[in-house]
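K.L.:
Mind having a look at this structure? Questions to follow.
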Amino acid sequence: MKIGIVAPANTANPDMVAPLTALAAIAYPEVELVFHPQCWENDGHFAGPDARRAAAFLEFANDAAFGAIWFARGGYGSNRILARVMPQLNAAARVKKYVGYSDMGFLLGALYARRIGQVAHGPMPIDIMRRSGGGDATVARALGWIARGERQGLEPGLGKRPAAAFNLAILGALIGTPWLPDLTDHELLIEEVSEPLYNVDRLLFTMANATQLRGIAGVRLGAVTDVKDNSPRWGETLAAMIARWCANMGVPFLGPAEIGHTQTNRVVPFGMVAG
């Protein structure tokens, strides 16, 4: 299986190539990883100008030789190319798998809204570089699902209802736009990183009051990591916060989820119902 790796947001780290290709060669010898040269380009904050990043994504997505697109890393920028790429995706793009998380939720959401391909929130190639170790196991979850449809890397709470997963800030940015998919009857899994709790509360307010999210089956909370300090100290626990906003939304809080900006991040195929 040929897997195309592109960077629609930030520039990727070239140091990830050797360990990632070595892992794939040993554990998934049927896989050929192809890094687009655009992954290493730099244009200020981005992996090349908007037009270049859009063209690289379309080149691989529209190529029938590739079975999947694996986003190299997150980081701001994928939202800026949505209007360029979505109208140009062809029949080959519609049968691929697409995997990423964090800011790549913009593209995942837009693809799922239009039922293009099999979309999953899951580890990205950059995760093999995690300083805390365990990067091999993290990326293997994504590779296993992409290449073989393996289920051991899936989020263990997936059940009898379809699910979708988003970083909370990305979900908030999608709300009110045509890029947010219809999540009626879905379990919504959320996670967050590098925000103070007062802003998590603000983002949960947006989620709870979004008319586009009316009809979801419930909310599950993934990791909220690298929480930023603020003064005065936030006086409410995260557990109390999520329970309060779910009650305000009129949906059940369904418990924890194993997703987030951590090495335990697992794969959540959008719309999938576990068997």
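The values are calculated or read from the model by the stated rules, or taken from the named source; none is laboratory data. This one's a predicted model, so the numbers in the text were calculated from it and none came from an experiment. Don't worry about glycine lacking a Cβ; one is built from the backbone with ideal geometry, like all the others, and counts go over all protein chains shown. Please note that ligands, DNA and RNA were not included when accessible areas were found on the heavy atoms of the full protein model with its side chains. Shrake-Rupley method; radii C 1.70, N 1.55, O 1.52, S 1.80 Å.
K.L.:
I'd like the orientation of helix 238-249 relative to the chain: the angle between its Cα long axis and the longest Cα principal axis, in ° from 0 to 90, rounded to 10.
P.N.:
80
K.L.:
Follow-up question, since we're still on this one. Given an 8 Å cut-off on Cα distances and at least 6 residues of separation, report the relative contact order of the chain as a percent.
P.N.:
It rounds to 18 percent for the chain.
K.L.:
Then there's this: What list of ³J(HN,Hα) values in whole Hz, one per residue of the stretch 61-76 in order, does the Karplus curve 6.51 cos²θ - 1.76 cosθ + 1.60 (θ = phi - 60°) give from phi, with Gly and Pro shown as x?
P.N.:
3J(HN,Hα) across the stretch 61-76, in whole Hz: 5, 8, 8, 5, 6, 8, x, 7, 10, 10, 6, 4, 6, x, x, 4.
K.L.:
Averaged over all directions, how much area does the convex hull of the C-alpha atoms of the stretch 1-127 cover when projected, in nm²?
P.N.:
In nm², the orientation-averaged hull projection of the stretch 1-127 is 6.7.
K.L.:
Still on this model: Beyond 27 Å, what share of the Cα-Cα pairs of the chain is found? Please give it as a whole percent.
P.N.:
Result for the distance tail: 35 percent.
K.L.:
Reported to two decimal places, what Rg/Rh ratio describes the stretch 96-224 when computed on Cα atoms with Rh from the Kirkwood expression?
P.N.:
Rg/Rh for the stretch 96-224 comes to 0.96.
K.L.:
Please compute the alpha carbon radius of gyration of the stretch 1-54, then divide it by the globular-protein estimate 2.2 N^0.38 Å. Two decimals is fine.
P.N.:
1.24
K.L.:
Kirkwood Rh over alpha-carbon pairs of the stretch 174-215, then Stokes-Einstein at 20 °C and 1.002 mPa s: what D in µm² s⁻¹, rounded to an integer?
P.N.:
This corresponds to a translational diffusion coefficient of 187 µm²/s.
K.L.:
Can you list the residues, at least 5 places off or on another chain, whose amide H is less than 5 Å from the amide H of residue 220, using H built in the peptide plane?
P.N.:
Result for residue 220 returns 188, 189, 190, 254.
K.L.:
Using a cut-off of 13 Å between beta-carbons, work out the net charge of the residues near residue 188 (Lys and Arg +1, Asp and Glu -1, residue 188 not included).
P.N.:
In short, -2.
K.L.:
Normalising by the residue count of the stretch 1-152, find the relative contact order in percent from Cα pairs under 8 Å and 6+ residues apart.
P.N.:
Here the relative contact order equals 25 percent.
K.L.:
Report the extension gain between residue 227 and residue 160 in nm, rounded to one decimal, defined as 0.36 nm multiplied by the number of residues separating them, less their alpha carbon distance.
P.N.:
Additional length available on full extension: 20.9 nm.
K.L.:
Consider a paramagnetic label point 7 Å from the Cα of residue 91 along Cα→Cβ; state which residues of the stretch 112-148 have an amide N under 20 Å from it.
P.N.:
Flagged as within label range: 114-118.
K.L.:
When DSSP beta bridges are limited to those with both residues in the chain, what percentage is antiparallel, rounded to the nearest 5?
P.N.:
Approximately 10 percent, going by the DSSP bridge assignments.
K.L.:
Pull out a ≥ b ≥ c, the square roots of the eigenvalues of the alpha-carbon gyration tensor of the stretch 44-108, then state rounded if a/c is under 1.5, prolate if not and a/b is larger than b/c, and oblate in the remaining case.
P.N.:
In terms of gyration-tensor shape, prolate.
K.L.:
Compute the accessible area per residue over the stretch 190-275, keeping the other protein chains in place, probe 1.4 Å, unit Å².
P.N.:
Heavy-atom SASA per residue in the stretch 190-275 reads 47 Å².
K.L.:
As I understand it, the value is the acute angle between the Cα axis of helix 197-209 and the longest principal axis of the Cα atoms of the chain; what does it come to in degrees, rounded to 10?
P.N.:
Roughly 90 degrees between the two axes.
K.L.:
How big is the gap, in Å, between the Cα center of the stretch 213-275 and the Cα center of the stretch 75-121?
P.N.:
Answer, in whole Å: 23.
K.L.:
Rounded to the nearest 0.05, what FRET efficiency do residue 237 and residue 132 give with R0 = 22 Å and r taken as the Cβ-Cβ distance? Could you check?
P.N.:
Calculated transfer efficiency: 0.35.
K.L.:
Starting from a Cα-only point model with no solvent, please compute log10 I(q)/I(0) by Debye for the stretch 210-275 at q = 0.15, 0.18, 0.22 1/Å.
P.N.:
Each listed q corresponds, in turn, to -0.65, -0.90, -1.15.
K.L.:
Here's something else I'd like to know. If the elastic network links every pair of Cα atoms under 10 Å, which of 243, 51, 223 fluctuates the most in the Gaussian network model of the chain?
P.N.:
In the Gaussian network model the winner is 51.
K.L.:
Carbon and sulfur: what percent of the stretch 1-129's accessible surface (1.4 Å probe)?
P.N.:
53
K.L.:
In nanometres, what is the gap between the two model label sites at residue 34 and residue 212, each 7 Å from Cα along Cα-to-Cβ?
P.N.:
The answer from the label model is 3.3 nm.
K.L.:
Counting pairs of alpha carbon atoms under 8 Å apart in space and at least six apart in sequence, what relative contact order in percent does the stretch 55-130 give?
P.N.:
34
K.L.:
For the stretch 154-275, go through all pairs of different Cα atoms, get the mean of 1/r, take its inverse, and jot down that Kirkwood value in Å.
P.N.:
14.6
K.L.:
Any chance you could give the angle, 0 to 90 degrees and rounded to 10, that helix 17-27 forms with the longest Cα principal axis of the chain?
P.N.:
Its long axis makes an angle of about 90 degrees.
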